[in-house]
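Some notes on the structure that comes next.
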Amino acid sequence: MDQHDEHDNIEDISSNNSGNRPFSDVLSVNMQRRKLLKAGAGIAGGSLLGFTGAAQADTLSRALFGFNEPLIGFQPVTLAQGASPAPAISPDYEYKVILKWGDPILNGGPAFSLPMTPDKQAQQIGIGHDGMWYFPILNPTAFRSRFGWDDLQDTNPWLSGTLEDNAYGNTRGVMCFNCEFGTNYHVLRKDLPESLDDVRVSQHAHGVTVVRIRNNNGNWEIENSTLNRRIHVNTPVEFSGPAAGHDQLQNNAMNPYLGTVNNCAHGVTPWGTYLTCEENFNGYFGTEDPNWTPNSSQNRLGINSGGFGYGWHLFDPRFDLANPNYANECNRFGWVVEIDPLTPNAKPIKRTALGRKKNECATVHVSADGRAVVYMGDDQRFDYVYKFVSAEPWREMRDSGESPLDRGTLYVARFNDDGTGSWIELSMENTDIASNFVNLGAMMIMTRYAADLAGATPMDRPEWVTVAPDGRVYLACTNNSQRTDRGIISSGGRMVDSGPNAANPQAPNGDGHIVRWIETHGHSGTKFEWDIFKFASDTHGTEESFADPDGLWADPDGRLFIETDGGQKDGLQNQLLVADPATGEIRRLFTGVPGCEITGLTVTPDRKTMFINVQHPGDGDPAVSPWPAPVGSSDVPRDAMVVIRRKDNGVVGS
Ligand code: FEO
Ligand code: CA
Ligand code: CA
């Protein structure tokens, strides 16, 4: 999420006052350090989905991208083409727009029109399309009976099936996508709500959208289904894990647990559920009470009286920080939330063992020893990278009726100057930090504080994490304009600069970089070796130009897809690029429109169809971009999904 100004947006004000600066001599670090990882070290883990076998990948790579050697042989969008106010795509590809903000989630539902009403918006696609996952229906027989789900036992109808069934999943699936945010100006066409109804419209525009879709002769359409649903800020949810039922989640108001907000990137579990990550939740709280001041826990998460200007607290006391009845409401946000797309009546579950922070993503990887490993970025200047490792192999935990996301160990990353790294345990077993917390639940509610105490490495805004087929883990550090060579500087109790460190050597880092590492003892281990894959600044002035990397996805052939969110150089709009990690070459596949962010990425099993998102086109202002209305229209822009296909595979979506 980047609201307003890409580099100085309000939510990116650091709230880390820990003083963590674990390198004694960081100023001598070579800024362009390019230590090569030992090839093959520690490669471990299984593929998450069932279609990543080498032989199959050989066929599939031709299917979507058309090339085995080189990996990225398509004709790129040039710098000149990528500066257009309309989207541009490689001449080898074509695209269509689907699933726009305000489209009804059921055919026959209320059509998009402004002004919105709370009731309409709750029956329509939300705004701020971000992380997502296409769950292919690979076994239609099982699916239809919903369907023999219990009879299938270990067989997951999303992720297995015969080849014949696979063909079905290439054209039919369930799309889960995050609706991260829409400003009041965008959604309400006014800067502040004037009623509780206005607040409800805004709240219903946020959250997650789940819709069954199918490819109907080249057009991806919503299919009416009981699975189609909106999860928003007022949807009942539940808590699990160490903080569930904790005092610090209780309110005098005794209100039920409700809602998820600012859902940024995502994860997908091997048992077929969707993870949605609550990022900048702080911005939705506020108060008019001049006597209210944040406590240290709130301060560390940037919770303040002004918020981001949504003004929900003006009409909804749940978001009024000074209302004693809702004193702990803000502790109910900042979590990774699990959604079962197959069970529409199931409440989303906030998995507290994964910690509370501004979660960017929750990328799940299965380690060689069968554990669920979840990589998470905490997107703020000078904040950290985390991973969670389930206590036991995920299948065994599921078999015993336990969620693999409820019991395990949370770690935070320390990147050492010499190219090694370690994962530091955040638990009551860590005697360096345990005495500061009454129990593990309290530690999870104040995850950032635990990580501060543990000596984690302050990063340049950790965004998406992806695990490549060779086992390498890639992390986008989007930018950090406030890091300087001066070192630790704080203002008003907040760190504004931790100084450079080896993994974040640029000071300032206006355009971001991509860090990668190998888990030298497997993905469930605690040691890694890292290097920097790419500094965005090195690409400027070339046809590979990009800045502010955010979304990342490594495909089963090893291509690295990079999506951007921020002020691009060389006149470019925000964009989708594809890198060959072996050579470092980058090509541009798609560019968006002024004011937008390109984010979200998922594919059909045959990888002939790719879905990405165009978030906040025009920043909500038709004068900047009315997309997907044509350039020059005065229509209000609408966040939407884009379907991408190779032209030589026939028409889009065929
Ligand atoms: Fe929602 Fe950090 O991007
Ligand atoms: Ca992001
Ligand atoms: Ca971003």
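The values are calculated or read from the model by the stated rules, or taken from the named source; none is laboratory data. Not measured: the values here are computed from a predicted model. Here Cβ is always computed from backbone atoms with ideal geometry, including for glycine, and neighbour counts include all displayed protein chains. Accessible surface is based on the protein model in full, side chains and every heavy atom, while ligands, DNA and RNA are left aside. Shrake-Rupley method; radii C 1.70, N 1.55, O 1.52, S 1.80 Å.
Out of 102, 128, report the one residue that is under 23 Å from the mean Cα position of the chain (by Cα) and either within 16 Å of ligand 2 (Cβ to nearest atom) or at pLDDT below 95 (or both).
The unique qualifying residue is 128.
Among the residues of segment 341-395, write down those that are in contact with a His (Cβ under 6 Å, 6 or more places away or on another chain) and hydroxyl-bearing (Ser, Thr, Tyr).
We begin by selecting, within segment 341-395, every residue in contact with a His (Cβ under 6 Å, 6 or more places away or on another chain); these are 365, 367, 373.
Residue satisfying the conditions is 367 alone.
Which count do you get for residues in segment 199-220 that are over 27 Å from residue 323 (Cα atoms), of a type outside the set (A, V, I, L, M) and in contact (Cβ under 8 Å) with a residue 40 or more places away in the chain? Lay out the reasoning, then the answer.
First, the residues of segment 199-220 that are over 27 Å from residue 323 (Cα atoms): 208-220.
Still in the list and also of a type outside the set (A, V, I, L, M): 209, 212, 214-220.
This time we only want the ones that are in contact (Cβ under 8 Å) with a residue 40 or more places away in the chain, so: 209, 212, 214-215, 217-220.
Summing the residues that are over 27 Å from residue 323 (Cα atoms), of a type outside the set (A, V, I, L, M) and in contact (Cβ under 8 Å) with a residue 40 or more places away in the chain in segment 199-220 gives 8.
So how many residues does segment 386-419 have that are in a strand (DSSP E or B) and open to solvent by 50 Å² or more (accessible area, probe 1.4 Å)?
Residues of segment 386-419 that are in a strand (DSSP E or B), as a first pass: 386-393, 408-415.
Now narrow it down to the ones that are open to solvent by 50 Å² or more (accessible area, probe 1.4 Å): 392, 414.
Matching residues across segment 386-419 total 2.
Determine whether segment 450-463 contains at least one residue that is part of a strand (DSSP E or B) and surrounded by fewer than 24 Cβ atoms within 10 Å (Cβ to Cβ). Full working, then the answer.
Residues of segment 450-463 that are part of a strand (DSSP E or B), as a first pass: 459-460, 462-463.
Within this subset, residues satisfying the condition of being surrounded by fewer than 24 Cβ atoms within 10 Å (Cβ to Cβ) are none.
No, that holds for no residue.
Quick one: count up the residues across segment 464-490 that are assigned to a strand (DSSP E or B), over 23 Å from residue 556 (Cα atoms) and in contact (Cβ under 8 Å) with a residue 60 or more places away in the chain. Write out each step before concluding.
Filtering segment 464-490 for residues assigned to a strand (DSSP E or B) gives 464-467, 473-477, 480, 488-490.
In the following step, the residues that additionally are over 23 Å from residue 556 (Cα atoms) were identified as 480, 488-490.
Next, only the ones that are in contact (Cβ under 8 Å) with a residue 60 or more places away in the chain stay: 480, 488, 490.
The number of residues fulfilling the criteria is 3.
For residue 306, which of the numbered conditions (1) surrounded by 24 or more Cβ atoms within 10 Å (Cβ to Cβ); (2) in a loop (DSSP other than H, G, I, E, B); (3) more than 16 Å from ligand 3 (Cβ to nearest atom) fails to hold?
(1)
Against the definition (surrounded by fewer than 23 Cβ atoms within 10 Å (Cβ to Cβ), part of a loop (DSSP other than H, G, I, E, B) and in contact (Cβ under 8 Å) with a residue 40 or more places away in the chain), how does residue 636 come out, yes or no? Don't jump to the end; show me each part of the working.
Values: surrounded by fewer than 23 Cβ atoms within 10 Å (Cβ to Cβ): yes; part of a loop (DSSP other than H, G, I, E, B): yes; in contact (Cβ under 8 Å) with a residue 40 or more places away in the chain: yes.
Answer is yes for this residue.
Identify, from the list 584, 595, the residue that is surrounded by fewer than 24 Cβ atoms within 10 Å (Cβ to Cβ), within 16 Å of ligand 1 (Cβ to nearest atom) and not aliphatic (A, V, I, L, M). Even if it seems obvious, please write down each step before you answer.
On the way: 584 fails: within 16 Å of ligand 1 (Cβ to nearest atom).
Within the list 584, 595, the selection yields 595.
Go through segment 108-137 and give me each residue that's in a loop (DSSP other than H, G, I, E, B), of a type outside the set (A, V, I, L, M) and away from ligand 1 (no atom under 16 Å from the Cβ). Let's see the steps before the verdict.
Residues of segment 108-137 in a loop (DSSP other than H, G, I, E, B): 108-117, 123, 125-128, 137.
Add one more test, that the residue is of a type outside the set (A, V, I, L, M), and what stays is 108-110, 112-113, 115, 117, 123, 126, 128.
Passing the criteria: 108, 109, 110, 112, 113, 115, 117, 123.
Of these, 589, 577, 601, which one is open to solvent by less than 10 Å² (accessible area, probe 1.4 Å), within 25 Å of residue 218 (Cα to Cα), free of Cβ contacts under 8 Å to residues at least 40 places away in the same chain and among the aliphatic types (A, V, I, L, M)?
Numbers: 589 fails: free of Cβ contacts under 8 Å to residues at least 40 places away in the same chain; 601 fails: free of Cβ contacts under 8 Å to residues at least 40 places away in the same chain.
Testing whether each residue is open to solvent by less than 10 Å² (accessible area, probe 1.4 Å), within 25 Å of residue 218 (Cα to Cα), free of Cβ contacts under 8 Å to residues at least 40 places away in the same chain and among the aliphatic types (A, V, I, L, M) leaves just 577.
Considering segment 318-353 alone, what residues qualify as being buried (at least 21 other Cβ atoms within 10 Å of the Cβ) and of a type in the set (A, V, I, L, M)?
The answer is 321, 336, 337, 339, 349, 353.
Residue by residue through segment 177-208, note down the ones that are open to solvent by less than 20 Å² (accessible area, probe 1.4 Å) and away from ligand 1 (no atom under 16 Å from the Cβ). Steps first, please.
Here is the first cut: in segment 177-208, the ones open to solvent by less than 20 Å² (accessible area, probe 1.4 Å) are 177-182, 184, 186-187, 193, 199, 201-203, 205-208.
Listed by number, the residues that qualify are 184, 187, 193, 199, 201, 202, 203.
Mind checking which residues of segment 230-275 are outside any loop (DSSP other than H, G, I, E, B), more than 16 Å from ligand 3 (Cβ to nearest atom) and not aliphatic (A, V, I, L, M)? Reasoning before the result, please.
Initial filter on segment 230-275 (outside any loop (DSSP other than H, G, I, E, B)): 230-231, 236, 238-240, 247-249, 258, 263-268, 274-275.
Restricting the remaining residues to those that are more than 16 Å from ligand 3 (Cβ to nearest atom) gives 230-231, 236, 238-240, 247-249, 258, 267-268, 274-275.
Selection gives 230, 236, 238, 239, 240, 247, 248, 267, 274.
For residue 417, all conditions in the list (1) closer than 30 Å to residue 235 by Cβ; (2) more than 16 Å from ligand 1 (Cβ to nearest atom); (3) touching a helix residue (DSSP H, G or I) at 6+ places or on another chain (Cβ under 8 Å) hold save one; what is the number of the exception?
If we test residue 417 against (1) closer than 30 Å to residue 235 by Cβ; (2) more than 16 Å from ligand 1 (Cβ to nearest atom); (3) touching a helix residue (DSSP H, G or I) at 6+ places or on another chain (Cβ under 8 Å), just (1) comes out false.
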